[in-house]
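In what follows, a single structure is set out as structure tokens and then discussed.
The values are calculated or read from the model by the stated rules, or taken from the named source; none is laboratory data. What you see is a predicted model, and the numbers here were worked out from it, not measured in a lab. Virtual Cβ from ideal backbone geometry, glycine too; neighbours counted across all protein chains shown. Surface areas here come from the heavy atoms of the whole protein model, side chains and all, with no ligands, DNA or RNA. Shrake-Rupley method; radii C 1.70, N 1.55, O 1.52, S 1.80 Å.
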Amino acid sequence: MKNFDVAQLLGTRVETVSRWNQGHAYPHRNTEKALLELEYIVDQLSDIYEPNEARQWLFSPQRLLDGISPASLIQEGRIEDVRRLVNQVRDSVFM
């Protein structure tokens, strides 16, 4: 994912994400936890989708979320709901 996407999902600035990537700064504990969860989600999606498709999935309304996008849930702090959905999707693909 691009720095812009990560910043948008975590409610921070692109420059901040860039500093994290370069090792010039570190996220706060709660942000780091969300960042690790996001990394896990993206990793799981990469088993199913190409990178652009995974990004599109995150930012598009999903039927299984009653038309809400996973990105919106992540922004609301409901990242665990997104993680559960990704696991459901993965399990249905690999059955």
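Quick one: ranking 2, 33 by accessible area, 1.4 Å probe, largest first, what do you get? Don't skip to the answer; put the middle values down first.
On the way: 2 145, 33 125 Å².
These residues rank, largest area first, as 2, 33.
Relative contact order for the chain: what percent, with Cα pairs under 8 Å and sequence separation of 6 or more? All intermediate terms of the calculation are to be shown ahead of the outcome.
Values: 73 pairs, mean separation 24.3, N = 95.
Relative contact order comes out at 26 percent.
Using the scaling law 2.2 N^0.38 Å as the reference, what is the normalised Cα Rg of the chain?
Against the compact-globule rule of thumb, the ratio is 1.07.
Taking amide H atoms as placed 1.01 Å from N in the peptide plane, list the residues 5 or more away in sequence, or in a different chain, whose amide H sits under 5 Å from that of residue 68.
62
Counting each DSSP H run of 4 or more residues in the chain as -39500 (n - 2.57), what helix-only mean residue ellipticity at 222 nm follows after dividing by all residues, to the nearest 500 deg cm²/dmol?
-20500 deg cm²/dmol
Run the dipole for the chain about the Cα centre, Lys and Arg Cβ at +1, Asp and Glu Cβ at -1, nothing else charged, and hand back the magnitude in debye, nearest 20. Let's see the in-between values first.
Working: 11 positive and 14 negative charges, 47 e Å.
The dipole magnitude comes to about 220 debye.
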